[in-house]
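Read through the structure below, which is laid out as structure tokens, and then see the notes.
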Amino acid sequence: MPDFGKPTIEYVELIPLFVVFGAACLGVLVEAFLPRETRRVPQVLVTLVGLAGALGATIYVATDVDKHADGAARGLVGAEGSIIVDGPTLYLWGLVLVFGILGTALFAERRLEGGLSAFAGQAAALPGTEAERIAATKGLDHTEVYPLLLFSIGGMLLFPASGDLLTMFVALEVLSLPLYLLCGLARRRRLLSQEAAMKYFLLGAFSSGFFLYGAALVYGYAGSVSLSDIDQAVREGTADHTLLLVGIALLAVGLLFKVGAAPFQAWTPDVYQGAPTAVTAFMSAATKVAAFGALLRLFYVAFDAERWSWQPMLAVVAIVTMLLGAVLAVAQTDVKRMLAYSAIAHTGFLLTGVIGAQGSGELGDNQYTSLEGVLFYLTTYGFASVGAFALLTVVRDAGGEATGGSSWSGLGKRSPLVAGAFAFFMLSMAGIPLTSGFVGKWAVFTSAMSAGFWWVVLPAITASIIAVFFYIRQIRLMFFSEPDPDGAAAVTEPSLLTTGTVAICLAATLVLGIVPGPVLDLVVGAGEFIR
């Protein structure tokens, strides 16, 4: 008879996960028992307190984590091998929670919609019907968005910490399903929002199927879904190699969809444009952090010994992704779609860092690996992206958010602060020196170069030059074009929630560009993945 023992759970090290999921469950209870008109403030408080508590717990765990036995990685393997709490996991947790707090502030903004949130008053009401009009007149608000946000963040915390493929798949679904719903809840342009949610759901379902099929094939190869066991099986190389390669390819499809890499990027511009901008801001940063964390763990831990097979594949994907994103962004006249294609290009830049698995780089006194370079790039891009989308919410016309390019003509004359802040985020995304984007690109490009992938870095530099064109074009439109007399947008004064979010993102983008050392030290101190 097999000997079944009671599982051991490392509760202290997993406190951040418990806090976020506990706050999400508490939010569900608030929805069930409080009257609708009184739910908003308790939901916002539960969400912010839960995320702040999880962030504090993450900092505590990071200062208390044990040194790994081999001396190269900090952390532990918990929950019977299902969850790995190591240095990169804790850094990614911190990033997701910070972006979650900033996203919550944007979710809670009500001043921009005349006392209402950006979310539909009653999602069940068909667009344009009397039921929708009544819901808007009554000022109804979907406060369910806060528990959905927390559940998605919980999945994002679990995703890069997964120690086996099944846990990774469960985390993928937990983070994705709430996002499908959130994308379809825009108060204005509801048909566009619902179309975006449907596209995201259908394509996401297919990508999840690819991931699960790939996990099954890798299990057939290794006889286990544990990443460490898969790594051992790959190093021994005794099973069918074709089975392994097909499994890696299918798993890559599932993860490349979540990061928005070509040829799985088709959902990105439609979803970014149709979703409520607060959701887009959160997704653009937090989802990318979680998905790249999982992708790094999968390829650097489970398939590290097979890197000569997956590195060329990811290199080709990186080249196509960044060139496709940069070229198509040039043709965009809608600001949200331009930022969406920009996000695709940045995914290619991040993949350039991922393929430099054995590479390293140096900036001043800081020496970093490719893993650490990607983590730093995720930090820089996340703050710039959240800040840019937060500013999009305050540029408005009679129909709501004014995302058409002509509406931004002459914005620098009407509101120099908003236009100047948006221009600074554009310069950072372009990788101009003295911004965080320049340091982030330097980190991933140098690590790829040191690994011998100069033939990927050259297209990356080309894509960066192309990207400068549409970023500078947007700046020229704001500062050096005459306002459109028929379609010029105005800037609405936001509350402290949106103002504070923009201020934090501006400060982070500036400081990481001028003094990146402290954050680079933090990234380098995170160490490597536990194998």
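The values are calculated or read from the model by the stated rules, or taken from the named source; none is laboratory data. Remember, predicted model here, so these are calculated numbers, not experimental data. Cβ atoms come from the backbone with ideal geometry, glycine included; neighbour counts cover every protein chain shown.
In segment 154-169, is there at least one residue being farther than 30 Å from Leu217 by Cβ, modelled with pLDDT of 80 or more and either crowded, with 18+ Cβ neighbours inside 10 Å or not basic (Lys, Arg) (or both)? Checked segment 154-169: no residue is farther than 30 Å from Leu217 by Cβ, modelled with pLDDT of 80 or more and either crowded, with 18+ Cβ neighbours inside 10 Å or not basic (Lys, Arg) (or both).
Screening Val65 on (1) modelled with pLDDT of 85 or more; (2) β-branched (Val, Ile, Thr); (3) closer than 24 Å to Ile9 by Cβ shows it passes everything except condition (1).
Val41 passes every criterion in (1) of a type in the set (Val, Ile, Thr); (2) within 25 Å of the chain's Cα centre (by Cα); (3) modelled with pLDDT under 95 apart from (2). Checking each residue in segment 383-406 for being touching a residue at least 12 places away in the same chain (Cβ under 8 Å), surrounded by fewer than 24 Cβ atoms within 10 Å (Cβ to Cβ) and of a type in the set (Gly, Ala, Ser) picks out Gly399, Gly400, Ala402, Gly404, Gly405, Ser406.
Please determine whether any residue of segment 490-500 is assigned to a helix (DSSP H, G or I), buried (at least 17 other Cβ atoms within 10 Å of the Cβ) and in contact with a helix residue (DSSP H, G or I) (Cβ under 8 Å, 6 or more places away or on another chain). Even if it seems obvious, please write down each step before you answer.
Within segment 490-500, the subset assigned to a helix (DSSP H, G or I) is 496-500.
Still in the running and buried (at least 17 other Cβ atoms within 10 Å of the Cβ): 497-498.
Keeping just the survivors that are in contact with a helix residue (DSSP H, G or I) (Cβ under 8 Å, 6 or more places away or on another chain) gives 497-498.
Yes; the residues of segment 490-500 include at least one that is assigned to a helix (DSSP H, G or I), buried (at least 17 other Cβ atoms within 10 Å of the Cβ) and in contact with a helix residue (DSSP H, G or I) (Cβ under 8 Å, 6 or more places away or on another chain).
None of Thr446, Thr435 is more than 16 Å from Met322 (Cβ to Cβ), surrounded by 20 or more Cβ atoms within 10 Å (Cβ to Cβ), out of contact with any helix residue (DSSP H, G or I) (no Cβ under 7 Å at 6 or more places or on another chain) and not hydrophobic (A, V, I, L, M, F, W, C) except Thr446.
Which of the following residues is in a helix (DSSP H, G or I), under 30 Å from Asp397 (Cα atoms) and modelled with pLDDT of 95 or more: Gly100, Gly50? Please lay out each step first, then the result.
Details: Gly50 fails: under 30 Å from Asp397 (Cα atoms).
Answer to the selection: Gly100.
Output yes when any residue across segment 517-531 is closer than 16 Å to Leu378 by Cα, basic (Lys, Arg) and in contact (Cβ under 8 Å) with a residue 12 or more places away in the chain, and no when none is. Checked segment 517-531: no residue is closer than 16 Å to Leu378 by Cα, basic (Lys, Arg) and in contact (Cβ under 8 Å) with a residue 12 or more places away in the chain.
Which one of these is in a helix (DSSP H, G or I), among the polar types (S, T, N, Q) and more than 19 Å from Met338 (Cα to Cα): Ser193, Ser224, Ser228? Write out each step before concluding.
Working: Ser193 fails: more than 19 Å from Met338 (Cα to Cα); Ser224 fails: in a helix (DSSP H, G or I).
Exactly one residue qualifies, and that residue is Ser228.
Exactly one of (1) touching an Asp or Glu at 6+ places or on another chain (Cβ under 6 Å); (2) crowded, with 23+ Cβ neighbours inside 10 Å is unmet by Val225. Its number? (2) is the only condition that Val225 fails. Within segment 266-288, the set of residues being in a loop (DSSP other than H, G, I, E, B) and surrounded by fewer than 24 Cβ atoms within 10 Å (Cβ to Cβ) comprises just one member, Ala266. Looking only at residues in segment 360-418 that are more than 30 Å from Gly293 (Cβ to Cβ), assigned to a helix (DSSP H, G or I) and not hydrophobic (A, V, I, L, M, F, W, C), the one that is modelled with the lowest pLDDT is Gly405. When we screen Gly247, Gly254 for residues that are out of contact with any Ser or Thr (no Cβ under 6 Å at 6 or more places or on another chain) and part of a helix (DSSP H, G or I), the only hit is Gly247.
Applying the criterion of being among the basic types (Lys, Arg) and over 30 Å from Leu76 (Cβ atoms) to the residues of segment 1-60, the residue that is surrounded by the fewest Cβ atoms within 10 Å (Cβ to Cβ) is Arg36.
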